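Here is the structure we will look at.
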Amino acid sequence: MLKVENLQKNFGNIMAVDGISFEVRKGEVFGLLGPNGAGKSTTISVLSTLLPPSDGVVLFEGKNIFEEPKAIQSKLGVVPQDIALYPTLSGYENLSFWGNLYGLTGRELKKRIEEVCEIIGLSERIKDRVDKYSGGMKRRLNIGAALLHMPELLIMDEPTVGIDPQSRNHILDTVLELNRQGMTIIYTSHYMEEVEYLCSRICIMDQGKIIAAGSKDELVEMISGKTEIALLLESMDQEIVKTVGSIKGIDSMVHQENQILIRCENADMILADIIASITASGNHLRSVDVKKPNLEAVFLHLTGKALRD
Amino acid sequence: MKIRSIIRKDLKTLLSDKKALIIILLMPIILMVILGFALKGIFIESWEGSKVNIAIVKQYVAESDLKGFNDALQNSLLAQGMGADTASELSDASDEVDPENILFNEFLGSTEVSDIIVYRIESEKNAKELLNRGEISAIVVLPEKYLYNMKINLLTPFRNEVEIKVLTNPDATMDGQIVNAIMQAYSDSMSSAIIGKNVLIEAAMANNMGNDSFKGMEAVMTGIMAALEAVRVEVDDVALEGRKPIMSSDYYAAAMLAMFILFAAGQGGRMLLEEKESFTWQRMMVAGTSKLGILAGKFLVIFIIALLQILIMTIFSQLVLKVEWGDFSSIAGIGIAAAFAVAGLGTVLAAVTYRMGNFKIANIFETGIIQIMALLGGSFVPIDILPNAFQKLSVLSLNGIALKAYQKTMMGYGLEAVVGYIAVLAGIGAAFTLLAVIILMRKEGTDHVKHYQAARIKA
Ligand SMILES: Nc1ncnc2c1ncn2[C@@H]1O[C@H](COP(=O)(O)OP(=O)(O)OP(=O)(O)O)[C@@H](O)[C@H]1O
Ligand SMILES: [Mg+2]
């Protein structure tokens with residue numbers, strides 16, 4: 001449906017997007033994951049014809065979107081990262097304005113507004129002024145405004161930033177429901193849980209580049225077997241570091257204060273040995289935590305830094 | 001379609017903004033009332049105290065005109081078969097009918113006219129110097145053979161054209177208009193007297209009363225006197241009309257209207273950047289709205305707001321302050337043209353503000369430029385009492401042009417007298433609009449800085 005080839009966008013010296021390529025297939029939820037400043041929003045601005053690219057091609061259903069912007073515009077819904085609404089107008093007036101811009105009028109518009117209110121769960125407060133809404137309600141209306149014309153492709157740029165867990169869950173479920181009804185979705189976030197939960201395929205971006213891409217399982221596979229064990233001890237001494245370090249099967253180990261972090265292929269195999277050697281040394285274990293690999297770990301593995309500070 | 005929704009949305013936004021409503025509607029109405037009453041005293045004095053000074057230039061030579069007339073009378077009347085005694089009678093009457101006396105004493109010397117106009121007789125050269133120095137407001141030029149032709153007109157069946165010219169000082173438009181109107185009334189009445197007299201003579205001739213009619217020169221004299229009475233009556237009207245704008249309530253109604261529509265431009269000047277900062281601009285672009293479409297929407301919004309202001313202020317001042325605005329089609333024309341000019345100005349502000357990425361220009365416009373324009377355009381005090389240099393600058397103010405036009409309609413002039421102003425306002429509007437389009441469509445340079453800042457703040 002959407003094909004991005006070698007896309008580049010620079011602002012002066014800043015390479016915001018540095019030659020990325022990916023493809024979004026019809027009917028999927030495509031995730032774009034990356035830390036602040038990775039270039040996600042810039043990519044989206046280019047995809048939604050707001051910014052011209054510095055280089056590269058974007059094809060929507062085979063048509064170059066910079067040569068034929070109309071081809072994508074009418075089929076595209078964009079939920080911007082920033083709330084793009086008129087605060088002094090009511091939710092209803094906002095929706096009806098954005099509906100108008102997509103050519104909806106009269107009874108059809110009214111019907112669509114009702115449906116959209118249902119989807120975003122705002123039916124009761126829709127006649128209130130937007131500046132009287134809570135943050136979560138504004139976010140939901142921000143999404144609603146992109147749904148009126150029933151876009152085939154919906155691009156959502158961090159739609160859950162800065163809102164309460166309840167609104168967030170509502171939004172995530174909305175995304176899944178829209179997808180179930182056949183909408184293709186590009187979902188941007190720096191919350192890996194969200195992307196893990198929603199997306200069938202994921203691109204991980206950092207500093208303008210795609211550093212990994214694939215299904216969630218494929219990505220996890222990249223660091224497959226790499227399990228992390230976190231041990232919290234009663235006290236720490238050189239002796240114990242040495243003993244634990246000598247156990248076979250440990251790939252790497254770091255320690256800090258009372259904590260030891262271990263990386264290994266298979267936790268089940270060595271966990272017993274570790275516990276035994278600690279007990280033998282007369283020390284006490286306060287807790288043991290075995291972390292399965294996730295996207296956070298993938299990101300850490302690939303870049304050596306956490307997804308969020 | 002899209003433009004219509006943009007307009008509807010912007011109007012809703014603006015009309016729900018109480019602060020904006022206070023500035024664009026409530027303030028001017030309050031000021032109209034306050035200034036109209038408070039400045040009444042100063043205002044009327046400043047007008048009544050100063051009479052209009054004019055110079056009269058005689059391009060004719062009295063003696064040769066008189067001699068010429070007497071010769072012509074003898075020759076032509078005799079040639080037409082008028083009895084010698086009638087001719088001499090007419091010649092006697094001729095001494096009584098003195099056009100100079102009629103103009104200088106009967107007309108300009110009458111109490112009605114001399115209340116308004118003070119005249120002096122000057123050579124052409126001196127008069128022009130006085131006019132340039134602003135010491136007089138107008139020159140009335142009596143053409144060559146004025147005396148001769150007037151005598152022919154008043155005393156014989158013939159009709160010779162006489163053209164009295166009025167040169168006015170463009171800095172003293174009010175005064176110039178008064179002089180023009182008064183001289184117009186004079187010549188209108190003179191020609192109706194002349195036509196009346198000719199009808200009298202022709203009727204007499206047709207009834208075969210022939211020469212006898214000339215015996216009753218008294219009848220002719222009575223006609224002339226009646227005509228002069230008529231002139232006086234008309235001068236009364238003219239004087240009233242000409243002095244109507246000195247009513248402070250009228251003046252300030254127009255002045256506040258012309259000034260406060262500028263705030264519609266100020267409001268509109270913020271609109272594009274506001275859209276961009278609230279990211280609705282981007283959303284509109286994503287929906288496939290063109291920049292030009294958005295700009296056109298803003299233009300029309302400002303236009304409509306200004307029109308609404310004009311409508312409400314006109315109606316309010318007419319009903320409550322008893323302001324008489326004048327001829328409907330003229331004030332409609334001025335209103336539409338002024339709103340158009342304001343819309344153009346507002347769109348330029350909007351485009352510049354958008355480009356600069358901050359509201360400085362719009363703020364400077366509202367807190368400084370409008371005040372300067374108001375002063376130069378005569379919205380605070382009538383420019384006629386300001387120094388000359390200021391008066392010259394008044395052409396720079398959009399409100400000044402509108403105000404001048406409204407003064408004309410208030411004085412009772414028709415559409416012809418204000419089409420010039422309407423055209424200027426429309427031209428300003430068109431030029432500004434074009435400029436706005438050029439500014440907005442110029443290739444993007446610094447356009448993304450805002451987004452960059454927003455991204456940084458969040459990070
Ligand atoms: N208009 C602009 N002018 C200059 N630099 C910009 C502009 N927009 C973005 N950038 C820069 O480009 C880089 C990518 O920014 P972008 O907003 O695309 O990141 P992001 O992945 O969306 O981050 P976030 O998670 O914070 O939203 C950043 O370094 C940013 O500072
Ligand atoms: Mg972003």
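In contact with a Phe, Trp or Tyr (Cβ under 8 Å, 6 or more places away or on another chain) and either within 14 Å of chain B (Cβ to nearest Cβ) or within 16 Å of ligand 2 (Cβ to nearest atom) (or both): is that true of A:Ile204 in this structure?
For A:Ile204, the condition - in contact with a Phe, Trp or Tyr (Cβ under 8 Å, 6 or more places away or on another chain) and either within 14 Å of chain B (Cβ to nearest Cβ) or within 16 Å of ligand 2 (Cβ to nearest atom) (or both) - is met.
Could you check, for the range B:352-361, whether at least one of its residues is closer than 18 Å to B:Ala20 by Cβ and surrounded by 24 or more Cβ atoms within 10 Å (Cβ to Cβ)?
Scanning the range B:352-361, I find at least one residue that is closer than 18 Å to B:Ala20 by Cβ and surrounded by 24 or more Cβ atoms within 10 Å (Cβ to Cβ), so the answer is yes.
Pull up the range A:1-18, narrow it to residues that are away from every other protein chain (no Cβ under 14 Å) and touching a Lys or Arg at 6+ places or on another chain (Cβ under 7 Å), then point me to the one that is farthest from ligand 1 (Cβ to nearest atom).
The selected residue is A:Met1.
Listed residues A:Asp164, A:Asp206, A:Asp237; which is free of Cβ contacts under 8 Å to residues at least 60 places away in the same chain and in the same structural domain as A:Phe60 (by TED's automatic domain parsing)?
Residue meeting the stated conditions: A:Asp164.
Restricting to the range A:197-214, name every residue that is in contact with a Lys or Arg (Cβ under 7 Å, 6 or more places away or on another chain) and either at positive phi or at pLDDT below 85 (or both).
Within the range A:197-214, A:Gly214 is the sole residue that qualifies.
Under 9 Å by Cβ, and 6 or more places apart or on different chains, what pairs join a residue from the range A:93-105 that is closer than 16 Å to B:Ile3 by Cβ and facing another protein chain (nearest Cβ under 7 Å) with one that is β-branched (Val, Ile, Thr) and part of a loop (DSSP other than H, G, I, E, B)?
Every condition considered, the pairs that remain are A:Leu101/B:Thr289.
Just one of B:Leu292, B:Leu311, B:Leu307, B:Leu300 is under 19 Å from B:Ala264 (Cβ atoms), over 22 Å from the mean Cα position of the chain (by Cα) and of a type outside the set (Ser, Thr, Tyr); which is it?
B:Leu300
Please verify whether the range B:398-414 includes one or more residues that are charged (D, E, K, R), at pLDDT below 90 and under 17 Å from the mean Cα position of the chain (by Cα).
Scanning the range B:398-414 turns up at least one residue that is charged (D, E, K, R), at pLDDT below 90 and under 17 Å from the mean Cα position of the chain (by Cα).
More than 15 Å from ligand 1 (Cβ to nearest atom) and away from every other protein chain (no Cβ under 14 Å) - does that describe any residue in the range A:41-53?
no
Where the second residue is away from ligand 2 (no atom under 14 Å from the Cβ) and among the polar types (S, T, N, Q) and the first is closer than 7 Å to A:Val29 by Cα and at pLDDT 95 or above and lies in the range A:184-196, which pairs have Cβ atoms under 9 Å and are six or more apart or on separate chains?
Matching pairs, first to second residue: A:Ile185/A:Asn179.
Yes or no, residue by residue, for (1) within 15 Å of B:Ser5 (Cβ to Cβ); (2) within 27 Å of the chain's Cα centre (by Cα); (3) facing chain B (nearest Cβ under 8 Å):
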{"residue": "A:Ile65", "(1), (2), (3)": "no, yes, no"}
{"residue": "A:Gln73", "(1), (2), (3)": "no, yes, yes"}
{"residue": "A:Leu76", "(1), (2), (3)": "no, yes, yes"}
{"residue": "A:Tyr86", "(1), (2), (3)": "yes, yes, yes"}
{"residue": "A:Arg107", "(1), (2), (3)": "no, no, no"}
{"residue": "A:Val116", "(1), (2), (3)": "no, yes, no"}
{"residue": "A:Ser123", "(1), (2), (3)": "no, no, no"}
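Could you name every one of the helices (runs of 4 or more DSSP H) located completely within the range A:63-146 that has at least 1 residues being surrounded by 22 or more Cβ atoms within 10 Å (Cβ to Cβ), in the same structural domain as A:Leu50 (by TED's automatic domain parsing) and within 16 Å of ligand 2 (Cβ to nearest atom)?
Passing ranges, in order: A:135-144.
Within the range A:216-237, does at least one residue satisfy the condition of being more than 16 Å from ligand 1 (Cβ to nearest atom), among the hydrophobic types (A, V, I, L, M, F, W, C) and modelled with pLDDT of 95 or more?
No, because not a single residue in the range A:216-237 is more than 16 Å from ligand 1 (Cβ to nearest atom), among the hydrophobic types (A, V, I, L, M, F, W, C) and modelled with pLDDT of 95 or more.
Give me the strands (runs of 3 or more DSSP E) completely within the range A:150-240, filtered to those with at least 3 residues that are in contact with a Gly (Cβ under 8 Å, 6 or more places away or on another chain), ordered by residue number.
Here the list reads A:153-157, A:184-189, A:201-206.
Of everything in the range A:158-177, what is among the hydroxyl-bearing types (Ser, Thr, Tyr) and away from ligand 1 (no atom under 16 Å from the Cβ)? Give them in sequence order.
A:Ser167, A:Thr174
Where residues in the range B:264-283 are within 9 Å of another protein chain (Cβ to nearest Cβ) and free of Cβ contacts under 8 Å to residues at least 12 places away in the same chain, which of them is surrounded by the fewest Cβ atoms within 10 Å (Cβ to Cβ)?
B:Ser278
Conditions tested, residue by residue: (1) touching a strand residue (DSSP E or B) at 6+ places or on another chain (Cβ under 8 Å); (2) at positive phi; (3) among the hydroxyl-bearing types (Ser, Thr, Tyr).
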residue: A:Glu23; (1), (2), (3): yes, no, no
residue: A:Gly27; (1), (2), (3): yes, yes, no
residue: A:Leu33; (1), (2), (3): yes, no, no
residue: A:Ala38; (1), (2), (3): yes, no, no
residue: A:Ser48; (1), (2), (3): yes, no, yes
residue: A:Gly56; (1), (2), (3): yes, yes, no
residue: A:Leu59; (1), (2), (3): yes, no, no
residue: A:Thr88; (1), (2), (3): yes, no, yes
residue: A:Phe97; (1), (2), (3): no, no, no
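Check B:Asn399, B:Asn388 and return the single one that is in contact with a Leu (Cβ under 9 Å, 6 or more places away or on another chain) and in contact (Cβ under 8 Å) with a residue 12 or more places away in the chain.
Answer to the selection: B:Asn399.
Quick check on my filter: what residues within the range A:149-189 are within 16 Å of ligand 2 (Cβ to nearest atom), closer than 26 Å to A:Leu101 by Cβ and within 14 Å of the chain's Cα centre (by Cα)?
A:Ile155, A:Met156, A:Asp157, A:Glu158, A:Pro159, A:Thr160, A:Val161, A:Ile186, A:Tyr187, A:Thr188
State whether the residues of the range B:378-394 include one that is touching a helix residue (DSSP H, G or I) at 6+ places or on another chain (Cβ under 7 Å), closer than 30 Å to B:Lys9 by Cβ and in a helix (DSSP H, G or I).
Scanning the range B:378-394 turns up no residue that is touching a helix residue (DSSP H, G or I) at 6+ places or on another chain (Cβ under 7 Å), closer than 30 Å to B:Lys9 by Cβ and in a helix (DSSP H, G or I).
Which condition number does B:Asn75 fail, the rest of (1) buried (at least 16 other Cβ atoms within 10 Å of the Cβ); (2) at pLDDT 70 or above being met?
(1)
Looking at the range A:42-61, I want the residues that are within 16 Å of ligand 2 (Cβ to nearest atom) and have a partner that is assigned to a loop (DSSP other than H, G, I, E, B) with Cβ atoms under 6 Å, at least 6 apart or on another chain. Which pairs are those?
What qualifies is A:Ser45/A:Leu51; A:Val46/A:Pro53.
Considering every residue within the range A:26-35, establish whether at least one is of a type in the set (Gly, Ala, Ser), more than 8 Å from chain B (Cβ to nearest Cβ) and more than 14 Å from ligand 1 (Cβ to nearest atom).
Checked against the condition, which is being of a type in the set (Gly, Ala, Ser), more than 8 Å from chain B (Cβ to nearest Cβ) and more than 14 Å from ligand 1 (Cβ to nearest atom), the range A:26-35 yields at least one hit.
Across the range A:16-41, what is the total count of residues that are part of a loop (DSSP other than H, G, I, E, B) and within 16 Å of ligand 2 (Cβ to nearest atom)?
So the answer is 6.
The values are calculated or read from the model by the stated rules, or taken from the named source; none is laboratory data. Please read these numbers as outputs of a predicted model, since none were measured by experiment. As a convention, Cβ positions derive from the backbone with ideal geometry for all residues, glycine included, and neighbour counts pool all protein chains shown.
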